[in-house]
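Report on the following structure.
The values are calculated or read from the model by the stated rules, or taken from the named source; none is laboratory data. Worth saying up front: this structure is predicted, and the values here are computed from it rather than measured. Please note: Cβ atoms are built from the backbone with ideal geometry, for glycine as well, and neighbour counts cover all protein chains shown.
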Amino acid sequence: MNLAQIDRRWIFVIVFLAVALPLLFPIGLVGEVSPRTQTMHDLIEALPRGATVIISFDCEAASWPEIGPVAEALVEHTMQRGIRIIGTSFLSEGTALGFELLSRHADAADYVQGRDWVYLGFRPQYVAAILGLGESITQEYPRDYINQPSEDHTLLGAVRSYRDVALVISIADDTMPQYWIEYAGARYGVKIAAGLSAVMVTTFTPYLDSGQLQALIGGLKGAAEYERLLGREGAGSRGMDAQSSAHLAIIVLVIIGNVAYFRGRGRS
Amino acid sequence: MRPLLVAALLVLIWTSPVTARATGSVLSGIAVEDVAWDDGTALQIHWRTKLDEDFRVLIVREGTDGLMDTLGLFPANVQWVVDDDVTPAGTYRYRLSVFDSEGILVFTAASHGLASPHANWFHRGRLGEALIILGVFAMILWGTFRRRDIYLRPIGGLSAIEEALGRAVEMGRPVLFSAGWGAQLDKPTTMAAMNIFGWLASRAASYDARLLFPTHDAVLMAAAQESARESARIEGRPDWYRPEDIYYVTGSQFGYAAALDGIMERQKPAVNLWLGTFAAESLILAETGNHIGAVQIAGTDSTIQLAFFLVTCDYTLIGEEVFAASAYLTRDSMVLGGLWAQDWLKIGVAVTVIAGLVGTLLDWDAIGGWLRGI
Amino acid sequence: MSDAGIWLAAIGTLAIFSFLYRDNPAYRAAEQILVGLSVGYLVVITVRTTLVPKVALPILDGDPWGIVAAVWVLLMWTRVSTRAGWLSRLPLAVIVGAGAGLSIPAMLKARVLSQLGAVIRPEIDVNAVVGAIGVLATLSYFYFTRPPTGAFRVAARTGTWFLMVFFGATFGYTIMSRLSLLIGRTEFLLGDWLGLL
Amino acid sequence: MVGVFGFAMLIQYFVPHPLGRVLYGRVLEWMQVIFAAGLVLGGATYAMSHLRTVSGRREGWIYSLLALAALTLMLAAGLIGGIDRGTLFLWLFNNLQAPLQQTVFSLLAFFVASAAYRGFRARNIDAALLLIVALVVMLGRIPIGEMTGPFLPDLARWLVDVPAVAAKRGILIGIGLGSVAVALRVMLGIERAWLGGRR
């Protein structure tokens, strides 16, 4: 059999098995916690109880399998610490996903809507919305996601704008944190952190260097590390076995491909 | 707590007679000036004082319409504050009240007369950028209208397009073009891709090759149809133009990818041209194209996707090569001249980098500092 | 997610995955449904969040700008007619012209000047030097109007190496991202649907 | 026309005067509206082409019927029933559109593997470099790679942070200059192939 011309469907089968088998028979690899993930954890750990953070779900549904575990871990930690949460979303598909996630965790953590957390929902013109939140949260969002007047929430009575917000966390699969940095960060001086998909990590590393971004975690690997810091198993950790075996499978495939290529070339 | 405190103090100031506990003027020279070179929505309030930061100044704006607003509490020693929440038509007065570290009011005074912000016609903060743009324009225009023979280093992918077209004609199969899911007609990359498409359409018309362009954006579709019709007319083959070959599929990213996969599987194009702005759909497209055995030529400015194209396509134009493509294909002297200018601008960039780094070594960070500042 | 929803999603997922084997009717059906739904979704969102608030409501309020907006819409829609179709070139010209004008300062600033600012760092260490060499070498690869000879050739070669490192790194990270997505879908199939996890 | 709008928008960047801002706001709004009109037009073209296929009973008309049904269902659900939580519109989105989209996205995992297998050949120094860096990054970011010690993860991080960023900056600067040149030529009407004119 000529390995260089192998039907690509065999490769698909190998990849699928490399993903499915570790999910069915987990071995529990998590790995080291990288300094970046530690920084993010320390950042939230250092916030005083009762502080308020904005968590913005700036992602599309298609990438939720990767970015969801990141969001889960961050929301869970924030609620463990007794930190209040204001939720927003600047991409239409992230809106429903964020609401569902926050309500689920709020039930588990006995968070009272309106007092401990509020979900404001979607705004299409994100630059204007990010700037608007700096002036007045209730003016930018007169009503929250479930159509209740924002003025009625005690949380928004105390937290008027970025001045009263300890941290903004953007959960993003694209370049949205850049707008948070450029508008909320640069203009109003609020601290920004980001939970990203792995592809976006290279894009935002320069901002971490320059201090415009306080912390970032990326991808399923970042989620797994964070779950380890929280001392639990989650989608991130569960995925790590599959991620490792799939990476190895691809690496082995690449090596086989090269061996086949050089042998074929040697012959001809 | 702070807003409450401020509000309470505010009531105190405006309702009770001031009991200035400090003698003499702790605050002097209160002045309000228009902020220059802006859109007329900011005023700058200055004061002079010898107080330190333990003392705080509460600034209240009073508009002629009677509206009052608190700007906030500032350390006394900052000596100036910008209020960027005024309107060009309004006139304003400011009242400054000084509190000591225990929050006791020690002094209060108002600015003399009324101040009004003015809107300006030029943004001075952007003067540097304006000069750079003018410089770049001058360079490009000079190159464009200079017209003379210019050497071009060969780019693999571009010479391959012509061959690939011939192959499609021989095989009697269509050519598939896509400007990517990220393409929009207001992006320069898309304009460049459409320039290539226009050239391609006239070639395809002259060879009578079928050219498919499924789009994710109806505006793009409209432009492409105009372009193809015009190209066919100029080539003298108006009957070649078939509007149903340039059509809208869907604006959804993976809906678009799924649809193009289907088109490739069924129509089996001989050549796929992926030129424009791509996102994650790039690999789905290029892998399927590879699978059906099409010759693939890609070019994009989407840096992340370049890696995939490089691995899956026969030729890949990297970043700026896409912009250079229309010069290569048309050999138009004006466009070539622009390319010549771009190369000189790159030398300018390189000189700036080197000068900046040498400057940093000599403890002179003016260039880098300015660039980081804008 | 309701049971009916899970079944629906699972069937759809399998239909799309069947494309990996080869093109087949199940995939074609799922593809057409996905495209149909997504076109419908976009039209609904567009009408409800843009055309209604920016065109219809202003007209009802008697705002003359609403009428101007409506004219652009109608000009765009002349495309359906073969005779008046050329009128749609006007809105196209607005998009292209305004887009070109808006992009010039944005491109120069974000892609050229800010990047230059990041290369010229306030402190010089090994990384800063490697970074600067990388940028210069990559730029020389993009130099079109000079034959690649001598030192210039060396620089351009170095540039391609830097490019390859970049492409390799992106590729590695992206493999990671994409596998996460497959892991998510596999978890859905094995866990939510079949209940095996 | 192109030039007028182009230069107006360019100059606006340097004009803080409110008149400029009003103009700017209007033009942005027009662009949005034109795009929106284009989207609806696209929807109509899409429906028309499928209608033709169905009415002509052309090959694959049954799929076109499915597409039309999906389109009509979504339009009706969204335009009549609304887009809030608990509506048919969102149910369709959550249980059909989103999972289908996620699945198409996840096909990438397979394609990426196949592309790596066939495309990653150390044919020459360039290809070998690409291959090695990709492998280092892949190994450096998984637990198994970390078990081999700090070298691989650190190398992976350095490659991403230093040389890769430098190359990316080089590409960006080139693209920036190229974009400006194209935009200027378009504004001056030198380059008109986007509308089919032969320059």
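Overview of results
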read-out: Flag for B:S206 being at pLDDT 85 or above, buried (at least 23 other Cβ atoms within 10 Å of the Cβ) and either within 13 Å of chain C (Cβ to nearest Cβ) or assigned to a helix (DSSP H, G or I) (or both); value: no
read-out: Matching entry among C:V80, C:V39, C:V43, C:V35 (being touching a strand residue (DSSP E or B) at 6+ places or on another chain (Cβ under 9 Å) and under 30 Å from B:E265 (Cα atoms)); value: C:V39
read-out: Count of the range B:227-250 residues which are crowded, with 23+ Cβ neighbours inside 10 Å and either under 27 Å from the mean Cα position of the chain (by Cα) or under 22 Å from B:F278 (Cβ atoms) (or both); value: 6
read-out: Which numbered condition C:F144 fails, given (1) assigned to a helix (DSSP H, G or I); (2) farther than 30 Å from B:D363 by Cβ; value: (1)
read-out: Test result for D:S179, under 30 Å from B:G251 (Cβ atoms), surrounded by 20 or more Cβ atoms within 10 Å (Cβ to Cβ), at the interface with chain C (Cβ under 7 Å from one of its Cβ atoms) and polar (S, T, N, Q); value: yes
read-out: D:T103 being among the β-branched types (V, I, T), more than 7 Å from chain C (Cβ to nearest Cβ) and in contact with a helix residue (DSSP H, G or I) (Cβ under 8 Å, 6 or more places away or on another chain); value: no
read-out: Wholly enclosed strands (runs of 3 or more DSSP E) of the range B:51-169 bearing at least 2 residues under 30 Å from C:A110 (Cα atoms) and touching a strand residue (DSSP E or B) at 6+ places or on another chain (Cβ under 6 Å); value: B:80-83
read-out: Tally, over the range B:38-69, of residues that are surrounded by fewer than 20 Cβ atoms within 10 Å (Cβ to Cβ) and within 14 Å of another protein chain (Cβ to nearest Cβ); value: 3
read-out: Search result, residues across the range B:358-374 that are of a type in the set (A, V, I, L, M), out of contact with any helix residue (DSSP H, G or I) (no Cβ under 6 Å at 6 or more places or on another chain) and either assigned to a helix (DSSP H, G or I) or buried (at least 19 other Cβ atoms within 10 Å of the Cβ) (or both); value: B:V358, B:L361, B:A366
read-out: Leading residue by the ranking (modelled with the lowest pLDDT) among those in the range A:66-90 that are touching a Ser or Thr at 6+ places or on another chain (Cβ under 6 Å) and assigned to a helix (DSSP H, G or I); value: A:E66
read-out: Residue, farthest from the other protein chains (Cβ to nearest Cβ), within the range A:163-177, restricted to residues that are over 17 Å from A:E66 (Cα atoms) and surrounded by fewer than 21 Cβ atoms within 10 Å (Cβ to Cβ); value: A:A166
read-out: Subset of the range B:209-235 (residues that are facing chain C (nearest Cβ under 9 Å) and in contact (Cβ under 8 Å) with a residue 24 or more places away in the chain); value: B:A218, B:V219, B:M221, B:A223
read-out: Among (1) farther than 30 Å from B:A222 by Cα; (2) over 24 Å from the mean Cα position of the chain (by Cα); (3) assigned to a helix (DSSP H, G or I) - the single one D:L96 does not satisfy; value: (2)
read-out: Selection count where residues are part of a loop (DSSP other than H, G, I, E, B), charged (D, E, K, R) and without any contact (Cβ under 8 Å) to a residue 24 or more places away in the chain, scope the range A:114-171; value: 0
read-out: Unmet requirement for A:A186, which otherwise passes all of (1) crowded, with 21+ Cβ neighbours inside 10 Å; (2) part of a helix (DSSP H, G or I); value: (1)
read-out: D:L90 within 7 Å of another protein chain (Cβ to nearest Cβ) and under 30 Å from A:D144 (Cα atoms); value: yes
read-out: Filter result for B:F278 (part of a loop (DSSP other than H, G, I, E, B), hydrophobic (A, V, I, L, M, F, W, C) and surrounded by 23 or more Cβ atoms within 10 Å (Cβ to Cβ)); value: yes
read-out: The range D:106-115: number of residues that are more than 7 Å from chain B (Cβ to nearest Cβ) and more than 17 Å from the chain's Cα centre (by Cα); value: 3
read-out: Answer from B:G293, B:G251 - the residue that is away from chain D (no Cβ under 12 Å) and out of contact with any Pro (no Cβ under 9 Å at 6 or more places or on another chain); value: B:G293
read-out: Filter result for C:P58 (exposed (fewer than 15 other Cβ atoms within 10 Å of the Cβ) and part of a helix (DSSP H, G or I)); value: no
read-out: B:I292 vs. criteria at pLDDT 90 or above and either under 30 Å from D:A98 (Cβ atoms) or assigned by TED's automatic domain parsing to the domain that holds B:I196 (or both); value: yes
read-out: Matching entry among D:S64, D:S49 (being in contact with a His (Cβ under 6 Å, 6 or more places away or on another chain), within 30 Å of B:T288 (Cα to Cα) and either more than 7 Å from chain C (Cβ to nearest Cβ) or at pLDDT 85 or above (or both)); value: D:S64
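So that you can scan it fast, the table gives a plain yes or no per residue for (1) closer than 17 Å to D:F105 by Cα; (2) buried (at least 18 other Cβ atoms within 10 Å of the Cβ); (3) of a type outside the set (A, V, I, L, M, F, W, C):
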| position | (1), (2), (3) |
| --- | --- |
| C:A26 | no, no, no |
| C:L37 | yes, yes, no |
| C:V44 | no, yes, no |
| C:V52 | no, no, no |
| C:G62 | no, no, yes |
| C:V71 | no, no, no |
| C:M76 | no, yes, no |
